[in-house]
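The values are calculated or read from the model by the stated rules, or taken from the named source; none is laboratory data. Quick caveat: nothing in here was measured; it's all calculated off a predicted structure. Heads up, the Cβs are rebuilt from the backbone with ideal geometry, glycines too, and the neighbour counts pull from every protein chain shown. We work out accessible area using only protein heavy atoms, side chains counted, and drop any ligands, DNA or RNA first. Shrake-Rupley method; radii C 1.70, N 1.55, O 1.52, S 1.80 Å.
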Amino acid sequence: VIKMIAPEVEVIDITHGIAPQGVLQGALVLANTLPYMPSGVHLAVVDPEVGGERRALVLEGDGRVFVGPDNGLLLVAAEKLGGVQAAVEITSREFLLEPVSRTFHGRDVFSPVAAHLALGVPIDEFGPRVEPSSLRRLDVPKPAVGTSRLRVTVLYVDRYGNVQVNATTEELEAVGMLPGSQVEIDVGFESYFAFVAATFADVRPGDILVYEDSYRNVALAINGGNAAEMLSARPGQELRIRLAE
Amino acid sequence: VIKMIAPEVEVIDITHGIAPQGVLQGALVLANTLPYMPSGVHLAVVDPEVGGERRALVLEGDGRVFVGPDNGLLLVAAEKLGGVQAAVEITSREFLLEPVSRTFHGRDVFSPVAAHLALGVPIDEFGPRVEPSSLRRLDVPKPAVGTSRLRVTVLYVDRYGNVQVNATTEELEAVGMLPGSQVEIDVGFESYFAFVAATFADVRPGDILVYEDSYRNVALAINGGNAAEMLSARPGQELRIRLAE
Amino acid sequence: VIKMIAPEVEVIDITHGIAPQGVLQGALVLANTLPYMPSGVHLAVVDPEVGGERRALVLEGDGRVFVGPDNGLLLVAAEKLGGVQAAVEITSREFLLEPVSRTFHGRDVFSPVAAHLALGVPIDEFGPRVEPSSLRRLDVPKPAVGTSRLRVTVLYVDRYGNVQVNATTEELEAVGMLPGSQVEIDVGFESYFAFVAATFADVRPGDILVYEDSYRNVALAINGGNAAEMLSARPGQELRIRLAE
């Protein structure tokens, strides 16, 4: 669709591998990836409410333009990259693919809008301004911090089975989990030993490590293995990490 | 291969996700997708009979050129987009990648032919004309229409688990299934309630809906879920849809 | 990352489907694919030892440049395509993405180096020369040849379930396995009949064939089916092929 409207525009596909309905996963991948990409029109669609009441958005901030549904998908990235300077609700039908289907706005709404934005159409052509404060936000859970322990939530599992959780390195350090520390990870009734480490090669093959991943998120991995499979970890699941005695 | 022969040509990859031997699935994806793509040379390869007797084709129609095996893969799209004006059997070896392997004509036959077509080589350079009426067609099953019921066949399951069947909205309406109607879907000995609806948001989360999808095919989905998984639906399988009493 | 540094450079993605830690699989796919691709800067990353002691390399040979880890991944392709004329260890930090993470050198080391190479930066800018003979090699197993039998190792399984093994057509012929021969394939305690054939269409649907695949490797397939699934074949596994009596 983009190439029909704007044949000269270059399309870079970050991923088509977000799980169905995975709005939080999509938001995190977008926020992790965009700092390493050229500035441009950033189109993202994970849209379980398509055809319902949710608004369609164009956001502008710090030289980048975002297009997608108003379900929180865009906002994590937009705020990480300097915040939202202007927000527009797409209401004009001038740039849409008619007839607009009820179930595929990625094709009929968001792609043609993104293509026209890439061609230089100003954002106010697509509809009225809306308050950035009115945009829907994802409820990203916060870790619970105890003495020598953290209760964290799995945010994302990548294709290697590495498990990103909702903690920062600062939170790890605050409970005494430093590089080299041995910890226990509790998942339901199971318990696993792991090491706080900087990289895979710092632990033995098969060992679990707790590390700061390349996007500066705390994550769990197995050197040479699949941590998500071993821990049966899925997005949304809670894990407890505590210092081993 | 295309980029070696025609470095300036732009390649747009629709999908590499067609199931092995999925000729009908490939034909439907091609026919669904091409109306939303720029005109060009359209290369499609799902080719279970590679190395056998099936012909290799170039089709021309309505400004578009199709390249692929003579197994029905191209014809659904070509006819939807205006019909076949000319058909050529690829017999000239001039443009092929020699030695032509017995098992990978996508690489050795179809891609180099598509690249040369994109460079402007006329279709008659690739071989003799054949009668469009001699082209192999897929046998797309027709639904059986009863009183207040339809027996349909699953044509295609997408990555969301949405299930496309071989019925039209007109056929649904003819048996009294209108937006808002409650229906039962029988799969083997199991039976499921569903609603005829326009979009996911018209039913509750977890409900099954029967709807016209964004390609104007009748399909089954679950709001927020995976219908193919719940119904154990696979391409080729029969389902019965009947008005609930 | 490449597009940020070198916006005009064209990126061709061979695959993102190599299994985690699949260094041998990656090396074989690279060696199979590159002869059919334009010359250029070839970036490959399957990097289980990232963050450890393994070197980061730029190799030059026969007009092509290779970038990736020193774990054998690049060498199978480089040697197939004319050998390594020069090898450089990446030590200069000038072209890297700082801060370089401990776990994602594909992003922070290899991609920026590949982008700068594509822009014309000479290989000696990235670090000191190293001896080509010092590069790490993969240990590709050799088949064991007996009277009328071969013991082979599975190297690679493709998405169709076709099973590439470590034998050549010459080795098949040397033990009397010629087109048309019937053979038995032993996998653990199971035994399967198969035919030596040139292409799928030479055997009946459902039959197993032993054939020379389109990359000139000996492989096992099922006409219309998935051989890896039927044989439970995985990379690294041993199979015995013997002439049927």
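Out of C:155, C:150, C:119, one residue alone is touching a helix residue (DSSP H, G or I) at 6+ places or on another chain (Cβ under 9 Å) and surrounded by fewer than 17 Cβ atoms within 10 Å (Cβ to Cβ). It is C:119. The number of residues in region B:52-105 being open to solvent by less than 50 Å² (accessible area, probe 1.4 Å), of a type in the set (S, T, N, Q) and either over 27 Å from residue B:4 (Cβ atoms) or under 21 Å from the mean Cα position of the chain (by Cα) (or both) comes to 1. The set of residues in region C:16-33 that are more than 9 Å from every other protein chain (Cβ to nearest Cβ), assigned to a loop (DSSP other than H, G, I, E, B) and not small (Gly, Ala, Ser) contains only C:18.
Tell me, please, whether a residue that is surrounded by 22 or more Cβ atoms within 10 Å (Cβ to Cβ) and at pLDDT 95 or above can be found in region B:9-17.
Checked region B:9-17: no residue is surrounded by 22 or more Cβ atoms within 10 Å (Cβ to Cβ) and at pLDDT 95 or above.
Residue C:140 falls short on exactly one of the conditions (1) of a type in the set (A, V, I, L, M); (2) in a strand (DSSP E or B); (3) open to solvent by 50 Å² or more (accessible area, probe 1.4 Å), and that condition is (2).
Would you mention how many residues in region C:127-172 are of a type in the set (Phe, Trp, Tyr) and over 19 Å from residue C:75 (Cα atoms)? So the answer is 1.
One line per residue, one yes/no per condition, for (1) at pLDDT below 95; (2) of a type in the set (D, E, K, R); (3) at positive phi:
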| site | (1), (2), (3) |
| --- | --- |
| B:25 | yes, no, no |
| B:53 | yes, yes, no |
| B:65 | no, no, no |
| B:78 | no, no, no |
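Yes/no matrix, rows are residues, columns are (1) β-branched (Val, Ile, Thr); (2) in contact with a Lys or Arg (Cβ under 7 Å, 6 or more places away or on another chain); (3) over 30 Å from residue A:71 (Cβ atoms); (4) within 14 Å of chain C (Cβ to nearest Cβ):
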{"residue": "A:131", "(1), (2), (3), (4)": "no, no, no, no"}
{"residue": "A:143", "(1), (2), (3), (4)": "no, yes, no, no"}
{"residue": "A:156", "(1), (2), (3), (4)": "no, no, no, no"}
{"residue": "A:180", "(1), (2), (3), (4)": "no, no, yes, no"}
{"residue": "A:203", "(1), (2), (3), (4)": "yes, no, yes, yes"}
{"residue": "A:211", "(1), (2), (3), (4)": "no, no, yes, yes"}
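Residue-by-condition table, conditions (1) within 14 Å of chain C (Cβ to nearest Cβ); (2) closer than 30 Å to residue C:210 by Cβ; (3) in a loop (DSSP other than H, G, I, E, B):
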site	(1), (2), (3)
B:82	no, no, yes
B:96	yes, yes, yes
B:103	yes, yes, yes
B:107	yes, yes, no
B:112	yes, yes, no
B:115	yes, no, no
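Going by the conditions given, is residue B:39 in contact with a Ser or Thr (Cβ under 8 Å, 6 or more places away or on another chain), hydroxyl-bearing (Ser, Thr, Tyr) and within 20 Å of residue B:113 (Cβ to Cβ)?
no
Of all the numbered requirements in (1) assigned to a helix (DSSP H, G or I); (2) more than 9 Å from every other protein chain (Cβ to nearest Cβ), residue B:3 misses one, and that requirement is (2).
Here is the figure for region A:34-51: residues that are open to solvent by 30 Å² or more (accessible area, probe 1.4 Å) and either part of a loop (DSSP other than H, G, I, E, B) or more than 19 Å from residue A:93 (Cα to Cα) (or both) total 8. Looking at A:127, A:120, just one residue is outside any strand (DSSP E or B), without any contact (Cβ under 8 Å) to a residue 12 or more places away in the chain and more than 30 Å from residue A:215 (Cα to Cα), and that residue is A:120. Looking across B:30, B:43, B:34, one residue alone is touching a residue at least 60 places away in the same chain (Cβ under 8 Å), under 30 Å from residue C:226 (Cβ atoms) and not charged (D, E, K, R). It is B:43. Reported count of residues in region C:165-190, each being at pLDDT below 95 and within 18 Å of residue C:225 (Cβ to Cβ), is 2.
Within region A:221-242, the set of residues being open to solvent by less than 50 Å² (accessible area, probe 1.4 Å), aliphatic (A, V, I, L, M) and over 15 Å from residue A:166 (Cβ atoms) comprises A:221, A:222, A:227, A:228, A:231.
Search region B:192-201 for residues being in a strand (DSSP E or B) and touching a Leu at 6+ places or on another chain (Cβ under 9 Å), and hand back the single one that is farthest from the other protein chains (Cβ to nearest Cβ). Break it down into steps so the answer makes sense when it comes.
Taking region B:192-201 as the starting set, the residues that turn out to be in a strand (DSSP E or B) are B:192-196.
Checking which are touching a Leu at 6+ places or on another chain (Cβ under 9 Å) leaves us with B:192, B:194-196.
Values: B:192: 19, B:194: 16, B:195: 14, B:196: 13 Å.
It comes out as B:192.
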